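Down below is the structure, laid out as structure tokens.
The values are calculated or read from the model by the stated rules, or taken from the named source; none is laboratory data. Remember, predicted model here, so these are calculated numbers, not experimental data. Here the Cβ positions follow ideal geometry from the backbone for every residue, glycine too, while neighbour counts run over all protein chains shown. For accessibility, only protein heavy atoms count, side chains too; no ligands or nucleic acids. Shrake-Rupley method; radii C 1.70, N 1.55, O 1.52, S 1.80 Å.
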Amino acid sequence: MTAQLKDTGSGPATAPAGDVPQGAAGSAREPSSRQAYDRSDRAPRSGSVGLVVLIAVALVGTAAGLIYIGRTHAEPYIMAVLAFLATIGVFSLFAMAAGILQTQGQAGVHPLTKVLADGAPDGLMVTDRSGRVFYANAAYLDLIHSTGPDDVRPIERAFAGDPEVSEAIYRLMKAGREGQPLQEEIRLGGADGEAARWLRLRVRPLGDSKHDRNLAVWSVADITRDRARQENVFQELQHAIDYLDHAPAGFFSVDPAGSVVYLNATLASWLEQDLAQVGTGTLRLADIVAGDGAALLTAFNAAPGDVKTEMIDLDLKTRTGKSLPVRLFHKVAFGADGTAGLSRTLVLNRAREEGADPLRAAEVRFMRFFQNTPMAIATVDRSARIARSNGLFARMFQDVLKDDERSILAVIADRDRGAVETMIRKSADAQGEIAPVDVSLSGPGERSATFFVTPVDEADRDGEAAIIYVLETTLQRALENRANQQQKMDTVGQLAGGIAHDFNNVLSAIMMATDFLLNAHKPTDPSFSDIMQIKQNANRAASLVRHLLAFSRRQTLRPQVLDLGERLSDLGMLLKRLLGEKVSLDVVHGRDLWPVKADLSQFEQVIVNLAVNARDAMPNGGNLTVRTANVVAADAAKLPYKGLPAADYVRIEVADTGTGIPADIVDKIFEPFFSTKDVGKGTGLGLSTVYGIVKQTGGFVYVDSDMGRGTVFSIFLPRHIPGDEPVALPPAAEAPASGVIDAADEVKKVAVDLTGQGTILLVEDEDGLRALNARGLASRGYKVLQAGNGVEALEVMAEEPEIDLVVSDVVMPEMDGPTLLREMRQQKPELKMIFVSGYAEEAFQKSLPEGEKFSFLAKPFTLKQLVAAVKETMES
């Protein structure tokens with residue numbers, strides 16, 4: 001055998017990844033009397049012909065050179081060459097004798113290698129790429145049932161006759177030709193009544209050199225006994241699984257992520273579950289455990305490496321939602337790092353016990369009540385350590401149950417722990433009538449709960465001192481706080497609206513009187529500037545009243561369809577002037593913004609108020625971003641804002657990079673007169689005005705603030721669907737349908753003739769204001785009749801039927817304005833009327849018949865605005 005066979009032992013050949021070679025211990029064979037087939041001397045040599053040719057050419061060239069130089073001169077050279085060759089020959093002989101130098105035919109002949117290869121228990125064979133066999137040991141000859149030296153067949157001829165193994169042989173032959181290792185296991189059918197055999201075939205190149213990769217080493221091992229043992233083990237495992245599947249108890253296993261990885265057939269039958277879902281990740285623990293019971297199975301704590309077993313009574317649920325009372329023996333092993341592994345849970349069906357034994361039936365009913373009650377329940381000892389709990393308690397306070405201390409005080413905020421400790425101490429002393437305590441819970445967010453404590457009977461204590469019932473009240477408190485805040489805002493709004501109405505009457509009288517004084521004095525008069533100062537302060541007071549009405553949502557709005565992108569662009573220059581040089585403005589327009597319906601001037605007031613507030617929050621400069629976007633109903637439903645219905649909105653964000661709003665006052669910022677600015681630097685009505693305008697428009701406003709990083713106000717205005725309502729034209733093009741005239745608008749027009757003729761009935765319960773208004777109208781040429789309320793107005797109308805116009809207050813004693821209008825229209829349907837009020841038009845319009853025509857003038861108003869409204873209505 002040549003040296004190339006020095007690695008052909010009985011060890012496993014290289015196999016592809018994933019193949020696990022097995023030993024052939026199960027196929028031990030008796031030593032064979034056959035002789036190995038060895039034709040390795042005919043194997044291709046690895047010597048170099050080119051080297052021999054090179055040496056021959058060198059010798060011939062040397063001889064030719066010596067002849068050329070002549071005999072006389074060549075003698076010394078000939079002697080030198082002969083001496084050199086003789087020296088090489090002598091040293092080669094010594095090297096061969098010592099075994100240092102070997103010829104190709106002798107290089108691999110080593111007795112130990114030869115013995116190992118010939119006597120290997122696995123069949124070994126060496127072939128070239130064409131399939132010629134150069135070596136085959138006795139084991140291989142026995143496996144192929146060789147009849148002699150002339151019957152040494154390669155693998156494809158020895159085994160490819162069986163159609164079941166042809167594909168495997170083809171793959172092995174291809175790998176052998178390509179110099180790649182490969183392993184296959186094949187089954188040979190028995191011939192002439194013989195039993196079938198399993199063989200493991202391997203092929204690999206002889207070595208890594210180019211010459212050695214032309215030869216392939218084949219190994220053939222009989223693994224029939226190994227296969228038989230594996231099949232026996234598999235059958236036993238199948239029997240064990242079958243026993244477990246059909247045992248009279250249920251069994252399941254859950255991974256730490258909560259997926260059911262195993263469910264036996266018995267439990268699957270009880271729960272009406274499909275076993276095909278098990279192990280796929282689609283069946284979760286919560287799918288088979290009713291209520292909060294799943295939390296009990298995961299609320300385990302143990303030291304690393306420990307195995308913990310708990311007995312738990314709870315309800316499982318079937319696929320159709322029915323409850324099944326069971327007792328679980330739940331076992332979980334923890335790894336070296338403390339993480340829980342797969343659970344192993346035995347399930348006993350307790351539904352069968354309910355009718356068997358009254359005592360057991362009562363126990364089952366109690367445990368079902370205990371686990372399914374909507375209150376979290378736990379028992380604790382004197383040190384407040386939790387002994388037992390129901391599912392809801394485990395779900396609410398799972399982190400505490402996993403902690404080694406398991407103290408119920410850990411779930412309570414520090415400031416409330418003393419009260420609960422006192423309750424537990426009273427319970428341990430068997431005191432009754434322990435009052436419940438409202439506490440704040442620890443952890444992220446604001447959570448609260450009510451704790452109820454009752455003592456444990458002495459006979460049943462078993463180390464337990466108290467039973468604690470926990471009712472979470474987080475949502476209830478949030479609703480109460482929201483309701484209280486809304487009630488407070490409504491109350492303040494009603495108060496502000498009432499004050500604004502009274503103020504409007506006073507301001508109307510002041511403004512009317514100053515107009516008379518200004519008409520009676522020339523600008524050169526020393527008192528003229530004093531009168532102008534009175535008028536300016538009256539206008540400032542009127543502005544404050546409008547803010548109050550905006551907050552109370554009682555101001556008069558003139559809604560129209562708006563494109564917010566265009567309006568914000570128009571407002572950009574004004575905002576830049578208001579913000580100053582230190583604050584940069586960035587307006588980001590959303591694409592294809594939906595239209596909204598709002599009062600243009602009031603919308604601009606909202607943006608200006610927010611911008612001014614943001615500027616004041618950035619004394620050292622910063623950035624103000626106004627961003628718009630559409631919000632579809634599906635996205636609105638996912639937003640974290642409370643009270644925002646799912647609908648289509650246009651969202652306007654006003655974000656600054658200022659100081660932010662402290663969390664303790666963020667709920668108060670929309671209240672009127674609330675301000676964090678220094679005295680005299682703000683009215684406290686800016687944000688309350690924003691709140692009122694947005695609410696009256698049908699929208700919503702929310703604030704998100706981060707101290708030191710900035711504040712974002714988010715306004716949601718309902719999307720306007722074109723065609724739902726007629727589009728209101730701007731006041732300059734056409735007056736509103738109801739003839740509303742906003743006294744706050746500064747209309748810059750050329751001087752017009754405001755005198756007129758006709759009879760006007762003026763109805764006003766404020767005597768001073770009525771007298772001033774009557775005087776002003778009379779000064780413009782009108783005949784003015786006066787009445788203090790609606791009843792008096794009807795009496796005047798009865799005496800003077802030729803009345804052209806009625807100017808009436810809305811809120812009056814005995815008979816209000818809307819009632820007066822109905823009564824007068826019955827007598828004179830074409831009668832024209834102007835309502836004047838400090839309240840919004842919508843506040844009383846709903847009490848009038850649908851389609852009733854009238855004009856409206858908002859208080860406070862000037863003499864010029866009054867006579868302009870009268871003339872416009874008279875001429876319409």
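When the stretch 431-446 is filtered for residues that are closer than 16 Å to Tyr469 by Cα, in contact (Cβ under 8 Å) with a residue 24 or more places away in the chain and open to solvent by 70 Å² or more (accessible area, probe 1.4 Å), only Asp438 remains.
Cβ separations smaller than 8 Å between residues 6+ apart or across chains give the following pairs from the stretch 794-819 residues that are in contact (Cβ under 8 Å) with a residue 12 or more places away in the chain and buried (at least 16 other Cβ atoms within 10 Å of the Cβ) to residues that are of a type in the set (Phe, Trp, Tyr) and in a strand (DSSP E or B): Ser808/Phe835; Asp809/Phe835; Val810/Phe835; Gly817/Phe835.
None of Gly708, Gly643 is assigned to a loop (DSSP other than H, G, I, E, B), at pLDDT 80 or above, in contact with a Phe, Trp or Tyr (Cβ under 8 Å, 6 or more places away or on another chain) and open to solvent by 40 Å² or more (accessible area, probe 1.4 Å) except Gly643. The condition (being modelled with pLDDT of 85 or more and of a type in the set (A, V, I, L, M, F, W, C)) is satisfied by just one residue among Val836, Val811: Val836.
In the stretch 708-722, the residues that are touching a residue at least 24 places away in the same chain (Cβ under 8 Å) reach residues that are basic (Lys, Arg) with C-beta atoms within less than 9 angstrom, at least six apart or across chains, in these pairs: Ser714/Arg651; Ile715/Arg651; Phe716/Arg651; Leu717/Lys597; Leu717/Arg651; Pro718/Lys597; His720/Lys597.
Looking only at helices (runs of 4 or more DSSP H) that lie completely in the stretch 374-430, which have at least 1 residues being open to solvent by 60 Å² or more (accessible area, probe 1.4 Å) and at pLDDT 85 or above? Reasoning before the result, please.
On the way: elements: 391-396, 398-402, 417-428.
Filter on the stretch 374-430 gives 417-428.
Scanning for something closer than 20 Å to Val694 by Cα, outside any strand (DSSP E or B) and open to solvent by less than 50 Å² (accessible area, probe 1.4 Å), does the stretch 629-637 turn up at least one residue? Among the residues of the stretch 629-637, at least one is closer than 20 Å to Val694 by Cα, outside any strand (DSSP E or B) and open to solvent by less than 50 Å² (accessible area, probe 1.4 Å), which makes the answer yes.
Residues in the stretch 132-148 that are small (Gly, Ala, Ser) and out of contact with any helix residue (DSSP H, G or I) (no Cβ under 7 Å at 6 or more places or on another chain) were compared, and the one that is nearest to Ala36 (Cα to Cα) is Ala136. Would you confirm, using the coordinates I've provided, whether Arg227 is basic (Lys, Arg), under 23 Å from Asp118 (Cβ atoms) and buried (at least 17 other Cβ atoms within 10 Å of the Cβ)? No; evaluated as a whole, the condition is false for this residue. Gly99: out of contact with any strand residue (DSSP E or B) (no Cβ under 7 Å at 6 or more places or on another chain) and at pLDDT below 80, yes or no? Taking the combined requirement at face value, the residue satisfies it. Taking the stretch 559-628 as the region of interest, the strands (runs of 3 or more DSSP E) fully inside it that hold 3 or more residues being of a type outside the set (D, E, K, R), touching a residue at least 40 places away in the same chain (Cβ under 8 Å) and closer than 28 Å to Thr659 by Cα are 583-588. Among the residues of the stretch 216-224, are any farther than 16 Å from Gly123 by Cβ and hydrophobic (A, V, I, L, M, F, W, C)? Scanning the stretch 216-224 turns up no residue that is farther than 16 Å from Gly123 by Cβ and hydrophobic (A, V, I, L, M, F, W, C). Among the residues making up the stretch 609-627, a single one is surrounded by fewer than 19 Cβ atoms within 10 Å (Cβ to Cβ) and in contact with a helix residue (DSSP H, G or I) (Cβ under 7 Å, 6 or more places away or on another chain): Val612. Taken over the stretch 711-734, residues that are open to solvent by 50 Å² or more (accessible area, probe 1.4 Å) and at pLDDT below 90 amount to 13.
Could you identify the single residue in Leu544, Leu578 that is open to solvent by 40 Å² or more (accessible area, probe 1.4 Å), over 30 Å from Arg482 (Cα atoms) and at pLDDT below 85? Before you say what the answer is, go through the steps one by one.
Working: Leu544 fails: over 30 Å from Arg482 (Cα atoms).
Leu578 is the lone residue from the list that is open to solvent by 40 Å² or more (accessible area, probe 1.4 Å), over 30 Å from Arg482 (Cα atoms) and at pLDDT below 85.
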